[in-house]
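**Q** Below you will find the structure I want to go over with you.
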Amino acid sequence: MENKRRQATYNDKRVTTNLSHIVERIVRDRILDSLFYKQYLYLTNESTILPIIIQNVKYLAGTDAMGRPSPFICCLLRLLELKPSREIVELCLNQSQFKYLTAIMLTYVRFAFATTEGDVEIYQLLESFYPDYRKLRFQLKYPQTIDGKQLRYTIGYIDDWVYQLLTKERVLDLILPRIRSRSSLEDSGELEVRVWNTGESPTEDENSTDDSDYESDSD
């Protein structure tokens, strides 16, 4: 009896406090049944998942036309399952070497903090990345043919991704948790009125050198 009790405690620690219910069940089931999740993510913890994200997440996407989940959305679900510490979240956000690690952690903040922190915290954290103009690749759900070339990706930027996370109802096949609008938070005095930068356009970021590998995809 004692051995069974110990085994149950071990399993509880492995799944930890779980926020994966935020992801719709049909998408969640596809992720959990995917080869990528089973091979790379099933036994990860908040430390061992970071190298997997760095090595395997090279674009942003939800599920493709066949319903197969991308590495990005698989890693996002695992982060929601693990609920990493605030120190890990800040470490990933404050580093500047791995832009897709930044992008996935911004997405995690938008999902997880809606239930654990609060709307003001979400706006303050995400809006601090509006000056970040690093390029990101987004996989198209359906390939497009332009001038005889088949394009599977489109180019975006981290600042635009932050804007989508704060203003859209759905991104990458996922319904975003509801948060109060920025205008209502401004009216209540919880946030200061945002002043937009209307200066010169930023120059190309030095960290986006790997964008030359996009082959047929236009910048």
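**Q** Against the condition buried (at least 19 other Cβ atoms within 10 Å of the Cβ), over 20 Å from Thr48 (Cβ atoms) and under 13 Å from the mean Cα position of the chain (by Cα), how does Arg134 come out, does it pass? Don't jump to the end; show me each part of the working.
**A** On the way: buried (at least 19 other Cβ atoms within 10 Å of the Cβ): yes; over 20 Å from Thr48 (Cβ atoms): yes; under 13 Å from the mean Cα position of the chain (by Cα): no.
When the stated conditions are applied, Arg134 does not pass them.
**Q** Then there is this: If you check Thr44, Thr63, which single one turns out to be of a type in the set (S, T, N, Q), under 23 Å from Glu24 (Cα atoms) and over 17 Å from the mean Cα position of the chain (by Cα)?
**A** Result of the check over Thr44, Thr63: Thr44.
To keep it simple, each residue is scored yes or no on (1) without any contact (Cβ under 8 Å) to a residue 24 or more places away in the chain; (2) buried (at least 20 other Cβ atoms within 10 Å of the Cβ); (3) of a type in the set (Gly, Ala, Ser); (4) not in a helix (DSSP H, G or I).
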{"residue": "Phe72", "(1), (2), (3), (4)": "no, yes, no, no"}
{"residue": "Glu90", "(1), (2), (3), (4)": "yes, no, no, no"}
{"residue": "Leu93", "(1), (2), (3), (4)": "no, no, no, no"}
{"residue": "Thr102", "(1), (2), (3), (4)": "no, yes, no, no"}
{"residue": "Arg110", "(1), (2), (3), (4)": "no, yes, no, no"}
{"residue": "Ala114", "(1), (2), (3), (4)": "no, no, yes, no"}
{"residue": "Ile122", "(1), (2), (3), (4)": "no, yes, no, no"}
{"residue": "Leu126", "(1), (2), (3), (4)": "no, yes, no, no"}
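**Q** Take Leu60 and decide whether it is without any contact (Cβ under 8 Å) to a residue 60 or more places away in the chain and not hydroxyl-bearing (Ser, Thr, Tyr).
**A** No, not satisfied.
**Q** Quick one: which residue in Thr48, Thr145, Thr44 is farther than 30 Å from Leu185 by Cα, modelled with pLDDT under 95 and touching a strand residue (DSSP E or B) at 6+ places or on another chain (Cβ under 8 Å)? Reasoning before the result, please.
**A** On the way: Thr48 fails: touching a strand residue (DSSP E or B) at 6+ places or on another chain (Cβ under 8 Å); Thr44 fails: touching a strand residue (DSSP E or B) at 6+ places or on another chain (Cβ under 8 Å).
The match here is Thr145.
**Q** Being without any contact (Cβ under 8 Å) to a residue 12 or more places away in the chain and more than 15 Å from the chain's Cα centre (by Cα) is the filter here, so list the residues in region 170-189 that pass it.
**A** Within region 170-189, Ser181, Ser183, Ser184, Glu186, Asp187, Ser188, Gly189 meet the criteria.
The values are calculated or read from the model by the stated rules, or taken from the named source; none is laboratory data. Since this is a predicted model, take the numbers as computed values, not measurements. When we count neighbours, we look across all protein chains shown, and the Cβ atoms used for this are built from the backbone with ideal geometry, even at glycine.
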